[in-house]
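Accompanying notes for the structure given below.
Nothing in this text is a laboratory measurement; each read-out follows from the coordinates by a stated rule. Owing to the predicted nature of the structure, the values given are computational and were not obtained by experimental measurement. Every residue, glycine as well, gets a Cβ built from its backbone with ideal geometry; the counts of neighbours run over all protein chains shown.
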Amino acid sequence: MSGLTAPPPPPAELRGRLASGAVWGQGCAVIVGSARFVGNRGLTRATPVPLASRNERAYTDTASPSRMDCRRCGTPLEKPGDYCLVCNTANADAVVAEFDVDRAELTMLAEDEVVGHTTITTRPERDEQLTAVQLRNFAGRVADEIRRKRPDTVYAAGDRDPLREARAQLHHEFYRVPEAGDDDDGDVVGWVLDRRGDRALEVVETPPREKIGGAHSTLIGGRKGRKAVSTVADHPHVKKIVPGPIDAGGTGSRTGLRAKATRAGTNGNVRLLLRDGSSVQENRIVTTAMDRETGERVRADLNDALAEAGLREE
Ligand SMILES: [Zn+2]
């Protein structure tokens, strides 16, 4: 079939389910996404977003193992894991967002239980890349879905561009699941569940600017050095950054600041290594992690943030 022919008619069992205004063919992503649940009690909602809405190419499809009522007051929730506005109670404390170039899979968690699942799809127009506007709208729809849950924590994995954009639009505690977390079987949700212990990492409320202290307040690298330190200070699990002495006798010849968070110690603290030409500065980062394993999570997160800021040392 050539790309110019009309899209095939919807399957008979779906015709009655197409919301008015949804155009078969253009909105097919959501139909394909929900078809798996047709005839299944699990179909709770399939909402083709009207094409005139602010993102004409993103669609949201929510399905879950069962309908969900508020855990506290029993009010039926519009979508599983929604925050209950009747009794002001969160029904999901974490959301796992897995980004792909054309979709985001959201999984809502209440402690160690999966309470809901939502897929948001979009269509890259060319070369499998989203345009800047598509990217912003796609990430905006993901952010909207996450906000209505009011989770404590967002875990995100996958395609960097929409992930970064969604992170920029949200003000939640935000963890990036390291790539090593899903290299075996791609089970990001499983990885998150494995690591959600009883003792979540404490979040530091100190403004980033006030986290920087110590006797050696001089930083190498000028403006970029300060940017590296403030990037680290922005992290919610960083308590304090103590700039260290500067070693100017190195053999490095590359110019331009490069930064790297290095291996966590047994106390969960990490180091921020700055290099600029032959100068090296090792700065201490005090985190809320209490052991090496959780410190390594913070370290991976910091290196991703430094990479995004264009400061990461290879
Ligand atoms: Zn309630």
With each pseudo-label sitting 7 Å past Cα toward Cβ, what's the Glu210-Arg147 distance in nm, one decimal?
2.8
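Among Thr206, Thr262, rank each residue by its count of other Cβ atoms within 10 Å, from fewest to most, as a rough exposure measure.
So the ranking, lowest neighbour count to highest, is Thr206, Thr262.
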Gain in span if fully extended, Ser230 to Thr251, counting 0.36 nm per residue against the direct Cα distance:
4.9 nm
Given region 208-308, what percent of its DSSP beta bridges are antiparallel, to the nearest 5?
95
Assertion target for His235, His172, ordered by fewest C-beta neighbours within 10 angstrom first, is His172, His235
